[in-house]
Structures are given as C-alpha cells and as structure tokens.
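The values are calculated or read from the model by the stated rules, or taken from the named source; none is laboratory data. Note that the structure is a prediction, hence the values are computed from the model and not measured. Cβ atoms come from the backbone with ideal geometry, glycine included; neighbour counts cover every protein chain shown. Note: areas computed on protein heavy atoms with side chains; ligands, DNA, RNA excluded. Shrake-Rupley method; radii C 1.70, N 1.55, O 1.52, S 1.80 Å.
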Amino acid sequence: MPPGILLPMDERPIGMFDSGLGGLTVARAVADALPGEDIVYFGDTARCPYGPRDLAEVRGFVLQIGTWLAARDVKLIVVACNTGTAAGLALAQRVFDVPVIGVVEPGARAAVKATVNRKVGVIGTVGTIESEAYPRAVRAIDAGVTVFSMATPKFVEAAEAGIRTGIYEVSRSYLDPLRRTGIDTLILGCTHFPLIDTAIRNGIGRGVQLISSAEEVAAEVVDTLERRGQLASAGRTGRHRFATTGDPGEFQRPGGSVFGGSLGHAERVELAALESLMDERLRAALVEAADADAREVAACE
Ligand code: DGL
C-alpha cells in the first residue's frame with residue numbers, strides 16, 4: 001500500500017483462547033479497553049489443565065485453536081494462556097498471518113516496571129515454570145532483576161473448579177518459600193490466578209504487589225490494532241462470542257462471573273473437529289519446532 005494511505009477500519013473480531021476460564025480475565029481487560037471490538041473467545045476446557053502436559057503437545061493445541069480462530073476471520077490472536085504462550089507463541093507467530101500476542105512478555109514488562117528492590121517472584125503451571133519463559137523475558141528487559149520461580153498447579157484446579165475449601169492453606173504452604181526470598185513483586189504467571197487472588201494475597205503477604213498481565217496485554221492489543229489501522233469504527237458496540245470444548249452450560253455459568261455479565265450461548269466444539277484442523281503444513285511446522293527444541297537441549301548439555 002502506498003505511504004500516506006490510511007487503512008480502512010477493520011470490524012473483524014479479535015480471537016482469544018486459553019485452556020479454560022482463566023483467559024477470560026484477559027478477555028475482560030481487552031473488552032474494557034476496546035468496547036467497540038468483537039471478540040471470539042475459545043476455552044479448551046475438555047483438555048484443561050495444560051500445565052502438566054508436555055509443551056510439544058500444548059504447542060499442537062495452540063496451532064489447532066489458532067487455525068479454528070483464523071477460520072473465523074479474526075484480525076489478531078491473543079494466546080491468553082501462559083502455558084500456551086511458553087509452548088507455542090513463537091511458532092504461532094510464524095504460522096499465522098495475523099499478529100499473535102502472548103501473555104508472558106507483557107507480564108514480565110509490568111513486573112520490571114513495578115519492582116523497587118529488583119526481586120520478582122513468578123508462579124505458574126509446571127509447563128510455564130519449567131520452560132523458564134519468565135526469567136528469560138525478565139532478563140531480556142532488565143538483566144539486573146532477579147527472578148524466583150515456583151510452580152503452583154493446585155491453584156489452576158481450584159480456580160477452574162471454583163474450589164475455595166483449603167485454598168488458603170495451600171496458598172500459604174506454596175508461597176512461604178517465595179515470601180522468604182524478600183520479593184516485592186509477584187507475577188501471576190497463569191491467567192487462572194487472578195480468580196483466586198485473595199488466597200494468593202493471603203499467602204504471599206500484604207507487602208508484595210501482585211502483577212496480572214491482563215491490562216498490559218490489553219494495552220498491547222490496542223497499540224497493535226492502532227498501528228495497523230485496524231481498530232473497529234468508533235461508537236460501535238462489540239459483540240462477544242464464546243466457544244468451548246467442554247460442556248457449554250458448565251462453561252457459561254462460571255465464565256459469566258469471570259467475564260462480568262452473561263456469556264450468552266457458548267458454542268460447543270468437538271475435539272475431533274479441532275484435531276482434524278492439523279494439516280500437513282501445521283504438522284511440518286510442529287516437527288520443525290520439536291527439532292529446534294532438541295538442538296537447543298543438545299547445545300545446553
Ligand atoms: N490459564 C493457563 C495459563 O495461563 C493454563 C492453566 C492450565 O491449563 O494448566 O497457563
């Protein structure tokens with residue numbers, strides 16, 4: 001396109017996904033920042049949790065769901081899942097021809113801005129913590145900040161199932177070692193964790209600021225669409241659609257309280273239909289990414 005020509009407004013939806021309800025915390029922030037945008041949100045509840053799975057498997061899920069969203073003509077994709085971001089953001093950015101935004105880098109950026117004593121904690125799923133995506137992202141922004149990481153998988157179960165019994169005890173025992181490191185900032189490195197932030201706050205103590213990447217991600221979505229001239233026209237009211245691989249009823253009820261307001265009807269997507277989206281090109285991309293992982297591991301040994 002010749003310079004100086006403005007791109008038209010773009011009313012295609014923003015696509016977002018997570019393993020379940022957690023990404024709705026990010027969807028809420030995006031909807032608040034951009035009330036005129038349509039959003040299609042996909043919760044892969046039937047395969048939740050992603051955290052204990054092999055990252056290569058999760059990377060395949062990222063490609064399947066990204067393809068499902070691309071078929072709905074989305075103009076941008078948000079991987080509203082830390083495990084999905086750690087596993088598959090880089091590959092998704094190569095495979096899809098729309099911008100793909102993850103949640104790790106924005107969370108790391110927010111934490112680096114917030115810390116005063118330059119000691120930051122991060123909690124997340126086993127997949128996210130073992131990937132070391134956060135220490136790497138923080139180091140890339142400011143190598144002088146020390147990161148203390150801890151996997152807290154029971155928090156995902158509690159947040160997804162709405163379990164409150166015993167969560168304060170779990171939180172205290174998980175977070176006690178982190179509290180003793182003297183961190184002043186704690187990244188909620190899983191989009192499910194804002195749903196149980198009261199228990200996390202109780203476990204880590206009042207003096208530590210909690211960082212959720214939701215607002216920072218929303219700001220990045222705004223910037224990206226603005227830069228590309230792809231915001232929807234002003235004065236429009238965005239429509240929000242939801243899909244799940246789980247039971248739509250079980251997704252709609254708790255989902256409504258996370259997103260704030262009724263989700264309306266959530267579409268049911270069969271896993272078989274999702275899996276059938278893996279074509280030759282995507283399979284080849286997965287094999288290439290696995291080879292690159294193996295080369296990286298060999299280089300570190
Ligand atoms: N909400 C996700 C995350 O941010 C995934 C949790 C899970 O499925 O284990 O990592």
Dipole magnitude of the range 1-114 about its Cα centre, charges +1 at Lys/Arg Cβ and -1 at Asp/Glu Cβ only, in debye to the nearest 20? 280
For a quick check of understanding: with a 1.4 angstrom probe and all protein chains in place, what accessible area in square angstrom does Tyr50 have, to the nearest ten? 0
By accessible area (1.4 Å), largest first, Cys300, Cys81, Cys48 order as Cys300, Cys48, Cys81
With a 1.4 Å probe and all protein chains left in place, how much of the accessible area of the range 51-158 comes from carbon and sulfur atoms, in whole percent? 51
Along the dipole axis of the chain (charges at Cβ: +1 for Lys and Arg, -1 for Asp and Glu; origin at the Cα centre), the most positive-end residue among Ile14, Gly36, Leu175 is Leu175
First compute the accessible area of the range 159-301 with a 1.4 Å probe, then give the percent of it belonging to carbon and sulfur atoms. 51
Counting only protein heavy atoms and leaving out ligands, DNA and RNA, the solvent-accessible surface of Leu188 at a 1.4 Å probe, in Å² to the nearest 10, equals 10
Surface per residue (accessible, 1.4 Å probe) for the chain, Å²: 45
With a ≥ b ≥ c taken as the square roots of the eigenvalues of the C-alpha gyration tensor of the chain, please select rounded if a/c is under 1.5 and otherwise prolate if a/b is larger than b/c or oblate if it is not? rounded
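Only Cα pairs under 8 Å and at least 6 apart count here; give the relative contact order of the range 71-186 as a rounded whole percent.
RCO, the range 71-186: 27 percent.
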Using helices alone, I'd like the mean residue ellipticity at 222 nm for the chain: each DSSP H run of four-plus residues gives -39500 (n - 2.57), total over residue count, nearest 500. -15000 deg cm²/dmol
Spin-label model distance (nm) - Ala219 vs Glu250, 7 Å beyond Cα toward Cβ: 3.8
Taking a point 7 angstrom from the Cα of Glu157 along the C-beta vector, which residues in the range 163-198 have backbone N less than 17 Å away? 163-175, 192-193, 196
How far apart, in nm, are two points set 7 Å out from the Cα along the Cα-to-Cβ line at Asp176 and at Arg239? 5.3
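Tell me, in nm to one decimal, what length is gained between Arg201 and Arg139 on full extension, where the rule is 0.36 nm per residue of separation less the Cα-Cα distance?
Once the chain is fully extended between Arg201 and Arg139, it gains 19.8 nm.
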Cα gyration tensor shape for the range 105-211, rounded if a/c is under 1.5, else prolate or oblate: prolate
Using the Cα centre as the reference, give the magnitude of the dipole from point charges on the C-beta atoms of the range 39-85 (Lys, Arg: +1; Asp, Glu: -1; all else neutral), rounded to the nearest 20 debye. 80
Global geometry of the range 212-287, whether rounded, prolate or oblate, following the gyration tensor of its Cα atoms and the 1.5 cut on a/c: oblate
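Using a simple charge model, +1 on the beta-carbon of Lys and Arg, -1 on the beta-carbon of Asp and Glu, nothing else, what dipole does the chain show about its Cα centre, in debye to the nearest 20?
It comes to approximately 820 debye.
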Length-normalised contact order of the chain in % [C-alpha pairs under 8 Å, at least 6 apart]: 26
Accessible-area ranking of Asp73, Asp184, largest first, probe 1.4 Å: Asp73, Asp184
Which loop trypsin sites (Lys or Arg not before Pro) in the range 179-232, with loop taken from DSSP, have no more than 10 other Cβ atoms within 10 angstrom of their Cβ? Arg180, Arg206
Take the alpha carbon atoms of the range 104-141, find their center, do the same for the range 80-99, and report the distance between the two centers in whole angstrom. 18
Given a Förster distance of 25 Å, report the FRET efficiency between Ala294 and Gln93 from their Cβ-Cβ distance, rounded to the nearest 0.05. 0.75
Within the set Leu231, Leu186, Leu24, GNM on the chain using Cα springs under 10 Å gives the largest fluctuation to Leu231
